[in-house]
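Chemist: Supplied in structure tokens, the structure appears directly below.
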Amino acid sequence: MQYLLVGLGNPGPEYERTRHNAGFRIVDGAASKWGVEWKPWQKLGVYGKANVAGREVFLLKPHTYMNLSGQAVSSLARFYKIPPQRVVVCFDDVSLNVGKLRLRGSGSAGGQKGMKHIIEQLGTDKIARLRLGIGPKPEKFDLVDYVLGKFSREDEKLLEPALERAVLALECYFKDGLERAMNGFN
């Protein structure tokens, strides 16, 4: 059985450690732990493959910029015939405190434009998602400036163990299913 694990972010060194690239960081951590080698995917991103708990898992980092992430996701999912219910998308969430994880099996995009585009491209909101809290936006900040900004040193200290927990949550999801992963990591 094949799955698709997607990390959302923006390509390029200027975005590398920004809040909006939390999804890339989760998938990078998984790729490192699982020994994944990245290869280009149709000029839309990079992908690799791992065996996780007996499941063939494709990892994908779209390089279409956040708002067009659905192009890469739908392309790879169609090519490998992976249905939306076996897609997991990792991304940042300003409504959660820094380091907080939230795993769900479906729902709205919640204002996350990359997720919105994926829902549009796959034609359903029944797509699992792992959201990583990047903290509430301070009042003085514009939302775009905040998500494209870098984490403070204090927030990075909270983020590192959260990124490790996110990979453990994904392993639990692939091994034991959504419910068990939600109960163990939300």
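The values are calculated or read from the model by the stated rules, or taken from the named source; none is laboratory data. Here the structure is a predicted model, which is why all the values come from computation and not from measurement. Neighbour counts run over all protein chains shown; Cβ positions are idealised from the backbone, glycine included.
Chemist: So, in the range 133-155, how many residues would count as being surrounded by fewer than 13 Cβ atoms within 10 Å (Cβ to Cβ) and in a helix (DSSP H, G or I)?
Modeler: Residues flagged as surrounded by fewer than 13 Cβ atoms within 10 Å (Cβ to Cβ) and in a helix (DSSP H, G or I) within the range 133-155 amount to 5.
Chemist: Give me the residue from the range 6-21 that is in contact with a helix residue (DSSP H, G or I) (Cβ under 6 Å, 6 or more places away or on another chain) and part of a loop (DSSP other than H, G, I, E, B) and, out of that set, nearest to ILE82 (Cα to Cα). Reasoning before the result, please.
Modeler: As a first pass, look at the range 6-21 and keep what is in contact with a helix residue (DSSP H, G or I) (Cβ under 6 Å, 6 or more places away or on another chain): 6-10, 15, 19-21.
This time we only want the ones that are part of a loop (DSSP other than H, G, I, E, B), so: 8-10.
Numbers: LEU8: 18, GLY9: 21, ASN10: 24 Å.
Residue satisfying both the conditions and the ranking: LEU8.
Chemist: Then there is this: Would you check if PHE24 is of a type in the set (A, V, I, L, M, F, W, C), assigned to a strand (DSSP E or B) and either more than 17 Å from VAL147 (Cα to Cα) or modelled with pLDDT of 95 or more (or both)?
Modeler: The answer is no for PHE24.
Chemist: How about the range 56-115: which of its residues are surrounded by fewer than 22 Cβ atoms within 10 Å (Cβ to Cβ) and acidic (Asp, Glu)?
Modeler: GLU56
Chemist: Does LYS33 satisfy the criteria of being in contact (Cβ under 8 Å) with a residue 60 or more places away in the chain and of a type in the set (D, E, K, R)?
Modeler: It is true that LYS33 is in contact (Cβ under 8 Å) with a residue 60 or more places away in the chain and of a type in the set (D, E, K, R).
Chemist: For the range 40-87: of the residues being assigned to a loop (DSSP other than H, G, I, E, B) and within 15 Å of the chain's Cα centre (by Cα), which is nearest to ALA109 (Cα to Cα)?
Modeler: Applying the filter and picking the extreme gives TYR65.
Chemist: Specify the residue that is nearest to VAL147 (Cα to Cα); the eligible residues are those in the range 1-21 that are among the hydrophobic types (A, V, I, L, M, F, W, C) and under 17 Å from the mean Cα position of the chain (by Cα).
Modeler: Taking the range 1-21 first, the residues among the hydrophobic types (A, V, I, L, M, F, W, C) are 1, 4-6, 8.
Now drop any that are not under 17 Å from the mean Cα position of the chain (by Cα), which leaves 4-6, 8.
Numbers: LEU4: 25, LEU5: 22, VAL6: 19, LEU8: 13 Å.
Only one residue tops the list, namely LEU8.
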